[in-house]
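Have a look at the structure below before the remarks.
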Amino acid sequence: MSSSFDSLASRARMLGALATVFAVALFLVACGDDDGGTSTPSAVDNIPAESGEPAGGAPAGEEPASGGEPAGGAVEQAAVNIVDFDYDPDPVTIKAGGSVEFTNSDAARHTATGDDKEIFDTGNLAKGDAMSVTLDEPGTYDYICLFHPFMTGSVEVVQ
């Protein structure tokens, strides 16, 4: 009887160890890698947070309308805040050759990654990190967070 008990106890320990490994792996996948948000594809430019541009990219004296646009139309630069597992504002409209700066205000890591990573990918953003994406061609650029695919947004680029 003791050999069947030892076998059962051994199996229980093995299942517990496997459950622990699975939980740790799931946690690491959900949190992303630990590169400090430094992966920077060639189409992504670092723009310091102290760029002197008003929030939303509106020129001084102009109030941004919904979507980060001033009342007159598309902007050269727009700002998107990542907060509460959401992109705010969404959508945004910029002029061709303009940029969108993504700032992560959440404790979790996030990305803003387009269908074509060579054109649109912020890399991993830790809390407080900001990255800018410059888009030259007119069109609609849909993006997601690679860690949280339910997070979606879009950028409309106009002439």
**Study point:** Failed item, numbered, when Ala55 is tested on (1) at pLDDT below 95; (2) surrounded by 15 or more Cβ atoms within 10 Å (Cβ to Cβ)
**Key:** (2)
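Considering only residues that are β-branched (Val, Ile, Thr) and in a loop (DSSP other than H, G, I, E, B), look in the range 104-159 and name the one that is surrounded by the fewest Cβ atoms within 10 Å (Cβ to Cβ).
Among those residues, the one meeting the criterion is Ile119.
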Practice item. Residue by residue through the range 79-104, note down the ones that are polar (S, T, N, Q) and closer than 18 Å to Thr152 by Cβ. Key: Asn81, Thr93, Thr103, Asn104
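The values are calculated or read from the model by the stated rules, or taken from the named source; none is laboratory data. The structure presented is a predicted model; accordingly, all values stated were derived computationally and were not measured. Don't worry about glycine lacking a Cβ; one is built from the backbone with ideal geometry, like all the others, and counts go over all protein chains shown.
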